[in-house]
Amino acid sequence: MSVAALFIGLFVAPPLFSPDSVPVRSNAQWVEKMDKQATVRFTESSDVEKLSVLTGTNNIYLSPNVASVSQLSFSYRFVTANINFAPHFIGGNNDDDIKGKTTSHGIGFNLNFDHWQQELSYTRVRGFYLENTKDYMPSWTEGMPYLQFPQLVYTNYRGVTAYSFNRKFSVNAVVSQTERQLKSAGSFIPLLSYRYYITDDRSPVISSTQKSGNLEILLGAGYQYTLVYKQIYLSLGVTPSYGYIFTTLTTRSNTGNNTVAHNNTPAVRLDARLGLGYNGRRFYAGAYTAGFGTASQQKNTTVINENSRAIIKAFVGYRFKAPAFLTKKFDQVDSLSSKFLPHK
C-alpha cells in the first residue's frame, strides 16, 4: 500500500499450595529472600507499542488496536519467565471494524542477582491504524473507520544488562517479588540497553513498500528507591540514557529493484517509575505508573522519530512452596555459581 510505504519511510497453578507456614530465610536486616517459594503473577498493562514520527507538518501516529496487554509470570529465586498476550475479548482490543485487527504476543526472561540483572524479551505486533486519520482525510469523523495497515508488522528483540551497587536494595522485591524489602533502601543502577526492532510493511507491492531494521544501543544510569512501611512499599526511580540508533531502510518496488539506505542517529531516552504495593509472605499485589520517551532525529532532516508514552500496570500474585526437584536443582546452581561468581 503506497500510503503505508510513505509512513514507514518516515520512521526509520496446580495443587502445590501448602497450608503450612511459609519457610523463609533472611540473609540480612534489609532483604528477605523467599528461597523456598515459587511465585505466579498476573499483570494487566497499558504498555502498548506505538509508532510516531514528528515532521512539523505531517505528523504520524500509528497504534495497534490494543488497549491493554496481559502477562503471566513465573518466578523462582533469581529466574523469571513470562508470556504476554492481548485477549480479544477485552474491551478496547476488539473494535476491529473501526481500527482493524491486531495480533500481539511476546515472551520474556529475567535473571536478577544481588548485583547483576539481565533482561531479555521478544515482542511481535501485526496490524496498526492511523490515530490522526483526520489529518490525512479531512472528511473523516468519529465513528468512521480509521486508515488501517493490517500488513504492518513490528518485531522487537530487547535486552538490558544492569548493575545495582547496594545489596541492601532488592530489585527482586519490586520486579519479581521473589524477595521482600524489609527496610527502606535505594541504589545507583547503571545499565546498558540494546534492542533490534523491525518495522515491515508486508502489503502487496503495488508501487513500493518498505522495511526498516533498527539497532538501538543506549547507556544509562539512574537511581531506584523503595520506601517500606511494614508490608507496604512505595517504589520510585528515574533513569536517563543516551546512545545511537543504526538504521537500515529497504525500499521494495514493483519492478523488483530494491534500494537500501543507511542512517545512524544519536538517541536520548528517559525512564521514570512510581509504584505502590503490598508484599506479604503469601499474597502480594500492586500498581505502578511508568513513563518513558525515546527521540532521535533523522540525519540531514528535521524529521524526529519518537517513541514515548505513559503506562499503568496492575498486578496480583501468590507464593507457594516450590517443588522439591526445583529447589534441589537451584541449590546446585547456587553452589556452583558461588564458586565462580562470589559477588553476583
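Where a number appears in this text, it was derived from the coordinates with a stated rule and is not lab data. No experiment lies behind these values; they were computed from the predicted model shown. Cβ atoms come from the backbone with ideal geometry, glycine included; neighbour counts cover every protein chain shown.
A compact table of results
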{"read-out": "Residue-by-residue Karplus 3J(HN,Hα) for the range 247-256, coefficients 6.51, -1.76, 1.60, Hz, glycine and proline x", "value": "10, 10, 10, 10, 9, 9, 9, 6, 8, x"}
{"read-out": "Exceeding the 32 Å Cα-Cα cut-off - candidates LYS183/LYS328; LYS50/LYS230; LYS101/LYS211; LYS183/LYS313", "value": "LYS50/LYS230"}
{"read-out": "Projected area, mean over directions - the range 2-340, Cα convex hull, nm²", "value": "19.9 nm²"}
{"read-out": "Contour excess over end-to-end distance, with Cα ends at MET137 and LEU192 and 0.36 nm allotted per residue", "value": "15.6 nm"}
{"read-out": "Vicinal HN-Hα couplings computed from phi for the range 145-155 (Karplus, 6.51 cos²θ - 1.76 cosθ + 1.60; Hz; Gly/Pro x)", "value": "x, 6, 5, 10, 9, x, 9, 7, 10, 10, 10"}
{"read-out": "Sequence-distant residues sharing a close amide H with ARG202 (under 5 Å, placed H)", "value": "LEU152, VAL153"}
{"read-out": "Length gained when the stretch TYR244-HIS105 is fully extended (0.36 nm per residue, less Cα-Cα span)", "value": "47.4 nm"}
{"read-out": "Sites VAL40 and TYR163 - FRET efficiency at Förster radius 25 Å, r taken between beta-carbons, to 0.05", "value": "0.35"}
{"read-out": "Likely footprinting exposure, TYR194, TYR318, TYR242, fewest C-beta neighbours within 10 Å first", "value": "TYR242, TYR194, TYR318"}
{"read-out": "Unit charges on C-beta of K, R, D, E only; dipole of the range 2-340, Debye", "value": "1120 debye"}
{"read-out": "Gained length - TRP116 relative to GLN29, 0.36 nm times residue gap less alpha-carbon distance", "value": "29.3 nm"}
{"read-out": "3J(HN,Hα) from dihedral phi, the range 119-134, Karplus parametrisation 6.51/-1.76/1.60, rounded to Hz, x for glycine, proline", "value": "10, 10, 8, 9, 9, 9, 10, 10, x, 10, 9, 8, 4, 9, 4, 4"}
{"read-out": "Between the range 170-188 and the range 88-156, the alpha-carbon center distance in angstrom", "value": "32 Å"}
{"read-out": "Distant-in-sequence amide H partners of GLN37 (H built 1.01 Å from N, under 5 Å)", "value": "ALA322"}
{"read-out": "Under 5 Å, built H, 5+ apart or other chain: amide partners of ILE90", "value": "none"}
{"read-out": "Per-q log10 I(q)/I(0), the range 37-176, q = 0.14, 0.18, 0.22 Å⁻¹ (Debye; single scatterer per alpha-carbon; no solvent)", "value": "-0.76, -1.01, -1.28"}
